[in-house]
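Read-outs: derived from the displayed coordinates by stated rules, not from any lab. As the structure is a computational prediction, the values presented were derived from the model and not from experiment. Every residue, glycine as well, gets a Cβ built from its backbone with ideal geometry; the counts of neighbours run over all protein chains shown.
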């Protein structure tokens with residue numbers, strides 16, 4: 001029997017991985033959940049915990065494959081990778097949603113004809129190049145758009161495997177501006193841009209089909225989820241996770257897995273069967289234009305040696321410049337929290353595009369307030 005530790009917050013993706021591991025191994029598993037409560041504030045209170053967790057994992061299971069599903073994905077994956085010698089990967093569903101959108105645009109039955117090259121950061125990934133069959137995907141896309149708009153080709157709203165919906169208005173805006181498709185989940189992409197969330201943007205309220213009210217940013221109609229809405233689901237999710245795992249461990253019949261590939265990565269590592277997929281790993285040169293040490297998202301190969309990222313050396317310079325501030329900020333947040341360096345943590349906030357509407361004094365005051373609120377988690 002394999003012993004597997006799932007690192008993840010009390011969110012819906014954790015039982016998904018548990019289910020998939022059962023389906024891939026088709027045997028009972030001793031699965032343990034490690035719950036961890038996430039930007040800047042969330043990272044600084046979780047990184048010290050992840051450092052301790054990494055030390056424990058290296059001592060107890062030094063060859064174990066560590067799959068992190070916890071946000072903030074980039075910072076916490078980097079902290080794990082830099083705190084132990086275990087193979088570490090950060091995983092997310094954004095790559096599948098990108099393939100969904102391309103499949104929809106071209107009316108394909110499945111993903112089998114798609115070849116994609118991606119580069120960026122978790123939740124801020126770009127489709128650098130792609131093919132449909134053996135044809136240039138971007139050439140086909142421009143031809144398909146013609147004198148119209150990408151908006152004409154996209155669904156009004158997409159819903160992921162767990163029921164979270166996202167419109168694509170910001171995706172269209174970014175494509176029209178930069179000429180490349182971003183990760184289509186507007187609710188995540190907006191967090192990396194200064195003109196979407198910062199400075200108290202205009203908002204309005206929309207009511208969904210279930211009668212639930214949602215605060216919505218007027219620019220690109222970006223629907224946000226309130227803290228209250230998230231809290232309402234936490235108790236139920238904690239209970240469901242434990243019930244699902246107990247049920248799956250006791251399930252004698254074959255289990256059907258979903259399209260998530262974390263389980264395949266674990267199997268590839270344990271059985272030394274090469275498997276290539278989208279991964280979040282520390283930049284060792286796979287995106288040459290972004291700082292070394294930042295956690296970036298590209299393709300990677302998993303086998304018995306662990307995780308080896310695939311180089312994305314054709315990233316357009318203007319996309320690199322969009323991503324660079326966030327990559328630098330994430331690197332400084334991780335290093336600052338790991339080394340208990342308040343000065344570097346402040347520099348990360350000064351550099352963050354989401355703080356561009358504030359002056360240095362306001363940013364420092366905000367940092368001090370957040371540090372005081374998190375003092376039981378991190379001491380500087």
Fully extended contour minus Cα-Cα distance, from residue 270 to residue 359, at 0.36 nm per residue: 27.0 nm
Cβ-Cβ FRET estimate between residue 347 and residue 227, R0 fixed at 30 Å, reported to 0.05: 0.60
Express in nm, to one decimal, how much length is gained between residue 176 and residue 372 on full extension, taking 0.36 nm for each residue of separation and deducting their alpha carbon distance. 66.3 nm
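Let me know the shape class of the stretch 327-380, please: from the alpha-carbon gyration tensor, a ≥ b ≥ c as square roots of the eigenvalues, rounded when a/c is under 1.5, otherwise prolate if a/b is greater than b/c, or oblate.
Details: a/c = 2.30, a/b = 1.21, b/c = 1.89.
Oblate is the answer for the stretch 327-380, as a/c is 1.5 or above yet b/c matches or exceeds a/b.
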Along Cα→Cβ, 7 Å out, is where each label goes; now give me the distance between the ones at residue 250 and residue 209 in nm to one decimal. 3.5 nm
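Fewest Cβ neighbours within 10 Å first, please rank 244, 40 accordingly.
Details: 244 15, 40 24.
Sorted ascending by nearby Cβ count, the order is 244, 40.
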Compute the distribution of all C-alpha to C-alpha distances in the stretch 103-184, in bins of 5 Å from 0, and list the percent of pairs in each, rounded to whole numbers. 3, 13, 22, 28, 24, 9, 1, 0
Could you work out the equivalent-ellipsoid semi-axes for the stretch 198-278, taking the square root of 5 times each eigenvalue of the Cα gyration tensor, largest first, in whole Å? 38, 21, 11
Over the chain, how many percent of alpha carbon pairs lie in each 10 Å bin up to the one with the longest distance? 5, 22, 33, 28, 11, 1, 0
In nm, to one decimal, how far is the residue 144 label point from the residue 301 one, both placed 7 Å along Cα→Cβ? 3.0 nm
Among 69, 350, rank each residue by its count of other Cβ atoms within 10 Å, from fewest to most, as a rough exposure measure. 350, 69
Evaluate the distance, in nm, between pseudo-label points positioned 7 Å from the Cα of residue 60 and of residue 198 along their respective Cα→Cβ axes. 4.1 nm
List the extent of the Cα atoms of the stretch 150-288 along each of their three principal axes, largest first, rounded to whole Å. 52, 44, 29
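Let me have the 222 nm mean residue ellipticity of the chain computed from DSSP H runs of 4+ only, each contributing -39500 (n - 2.57), with the sum over all residues rounded to the nearest 500.
Numbers: 13 runs with 162 residues, N = 380.
Dividing the helical sum by the residues of the chain leaves -13500 deg cm²/dmol.
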Near-label residues of the stretch 304-341 by backbone N, under 17 Å of a point 7 Å along Cα→Cβ of residue 52: 337-340
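Calculate, in nm to one decimal, what residue 308 and residue 238 gain on full extension: separation in residues at 0.36 nm each, minus their alpha carbon distance. Show your work: numbers first, answer last.
On the way: separation 70, 0.36 × 70 = 25.20 nm, distance 3.34 nm.
Between residue 308 and residue 238, full extension yields an extra 21.9 nm.
Per residue, how big is the convex hull of the stretch 32-159 when only Cα atoms are used? Give it in Å³. Kindly include the intermediate steps, with their values, before the conclusion.
Working: hull volume 19.8 nm³, N = 128.
Dividing the Cα hull volume of the stretch 32-159 by its residues yields 155 Å³.
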Listing 117, 278 from the residue with the fewest other Cβ atoms within 10 Å to the one with the most, what is the order? 117, 278
For the stretch 233-380, Kirkwood radius (reciprocal of mean inverse C-alpha pair distance, Å): 18.9 Å
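Starting from the Kirkwood radius over alpha-carbon pairs of the stretch 164-242, derive D by Stokes-Einstein at 10 °C in a medium of 1.306 mPa s and give it in µm² s⁻¹.
On the way: Rh = 14.1 Å.
So the translational diffusion coefficient is about 113 µm²/s.
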Enter the Cα centre distance for the pair the stretch 350-380 and the stretch 241-304, rounded to the nearest angstrom. 33 Å
